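Structure first, commentary second.
The values are calculated or read from the model by the stated rules, or taken from the named source; none is laboratory data. These figures come from a predicted structure and were not determined experimentally. Because the Cβ atoms are built from the backbone with ideal geometry, glycine has one as well, and the counts that use them run over all protein chains shown. Please note that ligands, DNA and RNA were not included when accessible areas were found on the heavy atoms of the full protein model with its side chains. Shrake-Rupley method; radii C 1.70, N 1.55, O 1.52, S 1.80 Å.
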Amino acid sequence: PANQKTVEINNPTNDDDGEEGYTNHKVQNPTNGEKKLTSLIELKLEVVKCKFFHDNLVSVDGICRSSSTRALVKHNDKCLLHIRSQTDILGLYRAVVQPDAMKSASTGWVRSDGGEGTQESQLVLTAQIRNGPTIERNRRGVKTLNCEFLLGIEEFDQDEMMQLHASTTNSTEEADNVGLLNKKERHKLFAEWLVNMFGIERLSKGTGVLDVAGGNGELSRSLHQLGVPSILIDPNPRCGNETQLPFEIIAKPLVGDGSDLIDGDDSIGSLTRNCSIVVGMHPDQATEAIVDIALRLGVPFAFLPCCVMPKLFPHRIQKRHGDPVRSYRTFCQYLLDKAPVGVPFEVDYLPFIGRNTVIFSRAVAFCQPVHNATDEERQSRH
């Protein structure tokens with residue numbers, strides 16, 4: 001449209017929403033271990049604003065105006081669509097940017113109304129996306145989609161947009177059946193996922209589950225209700241004034257591979273050395289340490305990453321690009337890239353609103369000897 005102004009040309013590593021997806025890692029079903037099935041569905045997206053990253057990525061912020069009844073994306077849902085095909089990016093660029101925009105690019109997202117708040121026509125994209133059992137959301141709760149094929153770019157006038165709004169009421173009966181739950185349910189969902197994935201017997205070996213950055217103890221309580229013992233480790237546990245908690249508490253931080261904890265001859269060393277698995281629900285600073293201590297102990301792990309904290313961990317570098325890890329997507333990929341040869345790391349998703357990606361490993365292999373661990377202690381965990 002003629003009223004389009006400028007577009008940001010940027011590096012995708014500087015944006016939380018414009019990042020490449022995870023590569024070379026299986027997405028598993030926690031109940032049967034089979035790969036989850038996905039299908040291609042078609043949707044129409046009313047463009048609100050967009051951002052271009054050189055010639056390899058464009059992020060389109062928009063509103064769903066039509067989609068399949070099988071889709072988890074509903075009518076009027078806010079969405080962030082990532083387009084990576086160079087041909088599709090070029091077509092979209094020509095549709096929304098004036099010929100001289102490259103020379104006068106400004107910072108910030110580009111509004112589809114040119115930033116003036118009014119417009120005579122509206123851009124609508126028709127795209128095919130992959131519809132899976134769950135859909136990823138960014139930290140603002142906006143559904144994040146990956147465009148498989150861009151089928152069309154159309155300009156709708158105001159009358160046509162009114163007709164589109166009126167005619168596209170999406171049946172959501174199927175989507176509701178597998179809809180996302182409130183974030184408050186995340187600890188219960190994670191505990192149930194752990195039981196489905198590893199089994200109560202496996203989780204209960206040794207001293208049980210090591211719940212890293214357990215905070216108020218919601219995950220450990222949920223595990224206890226399912227018959228699984230646990231040890232909560234957090235430098236500032238907030239479990240209330242209960243005198244008889246159903247789990248042990250270690251009021252210390254987990255740093256690095258946990259050597260300061262597991263190498264001790266005291267009860268803390270025994271509790272941590274003999275855990276069956278290391279887990280964490282949004283463990284923040286301790287996220288990477290979960291991987292490191294699990295590999296050190298030779299036990300499985302499972303956690304849901306949350307905050308990236310690039311200023312606190314400036315040493316984290318993307319394996320594929322050599323760029324700093326600054327966004328949620330690149331953080332997840334960074335963690336997956338830590339997998340040693342022969343120890344597969346996997347990805348799954350929990351059905352709640354928010355950062356619901358689970359990174360886990362079921363492999364058991366000692367990568368380093370654990371000091372002070374006896375043969376009997378090792379056998380108790382496996």
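Observations
- Qualifying residue in segment 175-198 (condition: of a type outside the set (Lys, Arg), open to solvent by less than 60 Å² (accessible area, probe 1.4 Å), outside any loop (DSSP other than H, G, I, E, B) and at pLDDT below 80): yes
Each row is one residue, and each column tells you yes or no for (1) out of contact with any Ser or Thr (no Cβ under 8 Å at 6 or more places or on another chain); (2) at pLDDT below 85.
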| position | (1), (2) |
| --- | --- |
| Asp337 | yes, no |
| Glu346 | no, no |
| Thr357 | yes, no |
| Ser361 | yes, no |
| Ala365 | yes, yes |
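- Residue within segment 232-247 that is touching a strand residue (DSSP E or B) at 6+ places or on another chain (Cβ under 6 Å) and among the hydroxyl-bearing types (Ser, Thr, Tyr) present: no
- Inclusion of Ser220 among residues that are open to solvent by less than 10 Å² (accessible area, probe 1.4 Å), on the phi < 0 side of the Ramachandran plot and in a helix (DSSP H, G or I) is warranted.
Here's the yes/no breakdown for (1) touching a residue at least 24 places away in the same chain (Cβ under 8 Å); (2) in contact with a strand residue (DSSP E or B) (Cβ under 7 Å, 6 or more places away or on another chain); (3) not hydroxyl-bearing (Ser, Thr, Tyr):
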position	(1), (2), (3)
Leu210	yes, yes, yes
Val228	yes, yes, yes
Ser267	no, no, no
Thr272	yes, yes, no
Met281	yes, yes, yes
Ala289	yes, no, yes
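- For segment 329-342, the set of residues classified as among the small types (Gly, Ala, Ser) and either in a helix (DSSP H, G or I) or out of contact with any strand residue (DSSP E or B) (no Cβ under 8 Å at 6 or more places or on another chain) (or both) consists of Gly342 only.
- Residue match in segment 347-363 (condition: open to solvent by 10 Å² or more (accessible area, probe 1.4 Å) and either free of Cβ contacts under 8 Å to residues at least 12 places away in the same chain or not in a loop (DSSP other than H, G, I, E, B) (or both)): yes
- Segment 245-261 residues that are within 14 Å of Arg273 (Cα to Cα), paired with ones that are of a type outside the set (A, V, I, L, M, F, W, C) and not in a loop (DSSP other than H, G, I, E, B) (beta carbon under 7 Å, 6 or more apart): Asp257/Asp292; Asp257/Arg296; Gly258/Thr272; Gly258/Arg296; Leu261/Gly269; Leu261/Thr272
- His282 being surrounded by fewer than 21 Cβ atoms within 10 Å (Cβ to Cβ), within 22 Å of Pro344 (Cα to Cα) and modelled with pLDDT of 90 or more: yes
- For Pro310: the one exception among (1) modelled with pLDDT under 90; (2) part of a loop (DSSP other than H, G, I, E, B); (3) open to solvent by less than 10 Å² (accessible area, probe 1.4 Å): (3)
- Residue among Ile277, Ile268, Ile249, Ile231 that alone is in a strand (DSSP E or B) and open to solvent by 10 Å² or more (accessible area, probe 1.4 Å): Ile249
- Residue-level analysis places Leu254 among those that are within 26 Å of Leu312 (Cα to Cα) and open to solvent by less than 50 Å² (accessible area, probe 1.4 Å).
- The single condition among (1) charged (D, E, K, R); (2) touching a strand residue (DSSP E or B) at 6+ places or on another chain (Cβ under 6 Å); (3) modelled with pLDDT of 90 or more that Arg381 does not meet is (3).
- Meets criteria (touching a helix residue (DSSP H, G or I) at 6+ places or on another chain (Cβ under 9 Å), in a helix (DSSP H, G or I) and in contact (Cβ under 8 Å) with a residue 40 or more places away in the chain) for Arg326: no
- Count - residues of segment 114-162 that are surrounded by 15 or more Cβ atoms within 10 Å (Cβ to Cβ) and at pLDDT below 65: 5
- Of everything listed in (1) modelled with pLDDT of 90 or more; (2) touching a Ser or Thr at 6+ places or on another chain (Cβ under 7 Å), the single unmet condition for Gly258 is (1).
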